[in-house]
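For reference, the structure discussed in these notes is given below.
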Amino acid sequence: MKGVVRWTGGEEIEGIAETGIITPMHGEVSASPMQIVLQAHGACSLVDIIGGLKQRMANVRAMWIELDSERREEPPRSFTAVRMRYIIEGDVPEKLVRRLIEQSHAKYCSVGAMISGSGASVEWELEIRP
């Protein structure tokens, strides 16, 4: 994996993936790098859930993760705690979704592994809305 991060003026920074996709960062109208890491953790886990549900995705109307975090007061201001609330609207087996979330956190989500590997606690809960 390769990428470029460049200053674009003022306090604006953008990241450019090797695919050419541009992600604005650290400006008045964009997320901070730590917000992007937190959102990437959610996206990484959500990809695992979507992949695990496979054919059952036809029964899902909406799915999202509400994220909350705490960070160290002094530099480096790394995460100390991350809380994830998975919300799924649709008809999916709760036992399966819980297993997929557990596997995402324990085995598959590399962003989550970096966050928990830095010493942050990661907690989650699930709400299924039929």
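Only the coordinates and a few stated rules stand behind these numbers; no lab work does. All values reported here derive from a predicted model rather than from experimental measurement. We place every Cβ from the backbone using ideal geometry, glycine too, and count neighbours over all the protein chains shown.
Placing +1 at every Lys and Arg Cβ and -1 at every Asp and Glu Cβ, with all other atoms neutral, what dipole size does the chain have around its Cα centre, in debye to the nearest 20? Here the size comes out at about 560 debye. The spread of Cα positions in the chain, taken along each principal axis and listed from longest to shortest, comes to 48, 33, 27 Å. Taking every DSSP beta bridge that has both ends in the chain, the antiparallel portion is near 70%.
Under 25 Å of direct C-alpha separation, and excluding same-chain neighbours fewer than eight residues apart, LYS2 reaches these lysines: LYS107.
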